[in-house]
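Bear in mind that the values in this text are calculations on the coordinates, not laboratory data. Keep in mind that what you see is a predicted model, and the values were worked out from it rather than measured. Positions of Cβ are backbone-derived with ideal geometry, glycine not excepted, and every protein chain shown enters the neighbour counts.
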Amino acid sequence: MLIRFAKPSDVKPSEITPRSVYLDRRAFLRTAAVAGAGAMLPLIPGGAQAGEKLSDVAKTPYGQDETLTSMMSVTSYNNFYEFGPDKRDPSRHAGDFKPKPWSVKVDGLCAKPGEVAFDDLISPHKLEERIYRLRCVEAWSMVIPWVGIPLGDVIKRFEPLGDAKFVAFETVMRPDEMIGQQRPLLNWPYVEGLRMDEAMNPLTILGIGMYGEVMPNQNGAPVRLVVPWKYGFKSIKSIVRISFVADQPRATWNEQAPHEYGFYSNVNPDRDHPRWSQRRERRIGELLKRDTLPFNGYAEEVAQLYAGMDLINKDF
Ligand SMILES: Nc1nc2c(c(=O)[nH]1)N[C@H]1C(S)=C(S)[C@@H](COP(=O)(O)O)O[C@H]1N2
Ligand SMILES: [Mo]
């Protein structure tokens with residue numbers, strides 16, 4: 001599904017960022033200025049680290065034909081139960097979360113395990129901007145210009161062994177900074193997993209930013225998974241541990257309600273959630289619903305990973 005490629009130097013920001021985003025950003029800056037003066041701030045993306053810019057980000061062809069969801073929506077309508085179960089909770093409560101310093105423990109079935117500082121995890125790789133659709137299991141979706149690096153390139157550096165069939169991920173546990181973790185909303189810490197070939201697929205990235213800036217706290221600072229063909233909950237936020245394992249690892253929502261949320265959770269309009277249809281979705285910021293596409297529109301790249309599997313009844 002590769003679309004026309006333009007050299008990074010050919011693409012001006014004005015060509016890749018729809019006008020609505022600029023307008024929205026101006027509105028954000030205005031509100032932020034007012035908030036700085038001490039006014040109340042219902043719509044401030046609280047966790048945004050003052051919009052620290054990321055430099056040296058290569059443009060890619062991914063999603064160049066898409067209309068971006070506004071940064072305001074993406075940073076104020078979130079699922080991040082560590083900060084509370086309401087969509088507004090993360091932007092309200094993530095402001096005091098400290099994503100620096102950060103390190104990630106890499107362990108399990110690999111030749112080079114270790115505890116890696118955030119910079120050492122990321123800096124050997126070239127940062128890319130990729131515009132991906134994110135489809136939540138709750139039937140809404142967004143289009144987000146992520147900044148990140150292919151997970152597969154990172155994985156290779158740790159030299160996983162032949163019997164490592166899955167990769168397990170774990171979110172940080174910090175009840176002092178994450179008020180949602182002070183209650184048993186979920187079985188903390190949040191965990192997720194991918195099969196090794198899913199983790200190595202070129203579409204899968206470790207996201208460290210969005211809209212050209214470092215990852216806002218409410219979106220999973222400083223590093224999260226982005227797996228665009230799966231329901232949003234597979235894209236685990238604020239990762240502190242990556243483990244190579246032989247057997248299918250635990251996954252938080254799958255464990256919570258196995259008949260509702262499968263381990264694979266590939267976006268699938270033909271498989272209803274037991275309590276609602278997955279046929280259509282509402283793009284945040286749009287009025288009319290649109291059809292949900294198999295594998296969230298990425299079938300060409302990933303459908304072959306599931307050849308012969310029962311994606312409705314067993315391997316959903
Ligand atoms: N640790 C953690 N990761 C998480 C979640 C969460 O509650 N905790 N929510 C998931 C869900 S359901 C979705 S839809 C996406 C939302 O990402 P966004 O807020 O950046 O849009 O994050 C996913 N990652
Ligand atoms: Mo979600």
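Cβ crowding within 10 Å ranks 252, 69 as 252, 69, fewest other Cβ atoms first. If you plug the beta carbon distance of residue 286 and residue 60 into 1/(1 + (r/R0)^6) with R0 = 25 Å, you get a FRET efficiency near 0.55.
What you get for the range 45-306, charging only the Cβ of Lys and Arg (+1) and of Asp and Glu (-1), is a dipole of about 460 debye around the Cα centre.
Note on residue 156: lysines with a C-alpha under 17 Å away, same-chain residues under 8 apart excluded, are 105, 112, 126, 165. Taking other C-beta atoms within 10 angstrom as a stand-in for reagent exposure, 140, 253 fall in the order 140, 253, fewest first.
Mind running the shape call on the range 45-306? Use the C-alpha gyration tensor, a ≥ b ≥ c as the square roots of the eigenvalues: rounded below 1.5 for a/c, prolate if a/b tops b/c, oblate otherwise. Here the range 45-306 falls in the rounded category.
Structural descriptor for the range 45-306: relative contact order 22 percent, calculated from alpha carbon pairs under 8 angstrom and at least 6 residues apart. With the simple model of a label 7 Å out from the Cα in the direction of the Cβ, residue 125 to residue 272 spans 3.9 nm.
Taking the range 98-132 and a reference point 7 angstrom along Cα→Cβ of residue 157, the backbone N atoms nearer than 15 Å belong to 102-107, 111-128. Placing a label point 7 Å from the Cα of residue 111 along the Cα-to-Cβ direction, the residues of the range 143-161 whose backbone N falls under 17 Å of that point are 153-161.
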